[in-house]
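Taken together, the values in this text are just the output of simple stated rules run on the coordinates, not laboratory data. These numbers were taken from a predicted model, which means no experiment stands behind them. Here Cβ is always computed from backbone atoms with ideal geometry, including for glycine, and neighbour counts include all displayed protein chains.
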Amino acid sequence: MTAAACTLTRLLEIMARLRAPDGCPWDRVQDFASIAPYTIEEAYEVADAIAKADMPALQDELGDLLFQVVYHAQMASEAGAFDFAAVAQGISDKMIRRHPHVFGEAAARDAATQTEAWETQKQAERAARAETGTLAGLPVALPALTRAAKITRRVAHVGFDWPDAAGVLDKLAEETAELRAELDTGSREAIAEEYGDMLFVLANLGRKLDLDPEACLRAANAKFERRFGAVEARLSAEGLTPQEAGLERMEAEWQAVKRAEKA
């Protein structure tokens, strides 16, 4: 048995022990619904470690995420539904099926062509599961921005798409004008609808630019946090809080921080 197999077996045994009748009281009372939020949280922590290029943290967070998979598989095994081996077998079969250019006789493709082939294969699999409709099977629990990008990718695959990014920018300008018009009405419901339309178009634009909108927004958040933290530090050095400094002074410090970053 390989070292990897040994360590995975050990992890599975630890999980089974935690869920045993004489195991951990907290672990024993959990179910799929109660563990799901932790699974999502661990996935985000993996993404955070990647964004920070922190390899020790990434190793740790990947372990936490793997434990979530093991946890769900253990509960499924107890329910007689499936076990970890079935999960591993299923994903192995799927990867082989979706990569005929690697494991079969299909010709090798470039990355862009392979993405198209991947979507075609997924569409065939959904049809085999009797999932009708282009948008069938999209998880509703995905972050809204990520789900919007997936929706636009699905409909683009069947031809419902702009020819280029410029067309999406034109649509964004149209949605911006509609939002401006609704701001004059004061209708919160209409304003929220138009704002949502703008976000959806921006997710579509990310797809057209081959960018992950969720990752781009995370990066923008991190940049804003870094710059505002620097603004606060500069003000604190003069004994000022942001409230005491006021908007005009904070804006001046913000611009100074931006110039310092580019220097």
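Some values worked out for this structure:
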| item | result |
| --- | --- |
| Rel. contact order, % - alpha carbon contacts under 8 angstrom, at least six apart, the chain | 10 |
| Listed values [x] 0.94; [y] 1.11; [z] 1.33, entry calculated as Cα Rg over 2.2 N^0.38 Å | [z] |
| Highest-fluctuation residue, L12, L247, L199 considered, GNM on the chain with Cα pairs under 10 Å | L247 |
| Debye intensity ratio in log₁₀ form over the Cα atoms of the stretch 216-262, taken at each q of 0.19, 0.30, 0.33 Å⁻¹ | -0.58, -1.09, -1.18 |
| Nearest-0.05 FRET efficiency for V87 and L169, computed from C-beta distance (R0 35 Å) | 0.25 |
| Size descriptor, Kirkwood hydrodynamic radius, that averages inverse alpha-carbon separations across the stretch 160-223, Å | 12.7 |
| GNM result for the chain, Cα springs below 10 Å: residue of T185, T132, T146 fluctuating most strongly | T185 |
| Contour excess over end-to-end distance, with Cα ends at R218 and R188 and 0.36 nm allotted per residue | 8.1 nm |
| Extension gain, Q121 back to L209 (0.36 nm per residue minus Cα-Cα distance, nm) | 29.4 nm |
| Convex hull per residue volume in Å³, alpha carbons only, for the stretch 3-98 | 131 |
